[in-house]
Amino acid sequence: MALLGSVGPLAAKDLQVEQLFARPFTIIAAPQRHIGRDGRTTFANLVGEPFVALGEQYVHAQAFRVLNHSAGVRQRIVFRSDDVNLIKNMVRQDVGIALLTDLAITPEDNLQLIHLTDVDQPLFTVSLVRRQNQLTTPVQRQVISTLIQQQ
């Protein structure tokens, strides 16, 4: 049993997938950086902005490629890391902006969130995944029930 993040819904014939929620990706920026209007912009309007990005094993890299393709642009990545906190620190220091979900940001991060207004943008989707024929223990059933009720 696993909680998995993906770009859009998961589907596999040998797995039982319960989508828990889906949220849009957002742009994070240093408080002093001026981007968009009223906390909103399109991905294409970010051309020329330096991006700091999460590594390829994160679904954010796939979402970044989808946004580039659908907007018809090629955004510039100046730094990649597998460390979310390092990315947030670099953004706070105004090295660049980043594509994350708002779930990764807390008020203590002191970052601004810019919501993308692009139509048909990818969604960060979290699913509970387990094998179809998996026998579950009472504790696992309780965890599954709790996660599904939190939707």
Given the conditions (1) among the aliphatic types (A, V, I, L, M); (2) touching a Lys or Arg at 6+ places or on another chain (Cβ under 9 Å); (3) within 30 Å of residue 143 (Cβ to Cβ); (4) not in a strand (DSSP E or B), every one holds for residue 17 apart from (4)
Scanning region 77-106 residue by residue, those at pLDDT below 95 and of a type in the set (Lys, Arg) turn out to be none
All conditions in (1) outside any strand (DSSP E or B); (2) modelled with pLDDT of 95 or more; (3) under 15 Å from the mean Cα position of the chain (by Cα) are true of residue 26 except (1)
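The values are calculated or read from the model by the stated rules, or taken from the named source; none is laboratory data. All of these numbers come straight from a predicted model, not from anything done at the bench. Because the Cβ atoms are built from the backbone with ideal geometry, glycine has one as well, and the counts that use them run over all protein chains shown.
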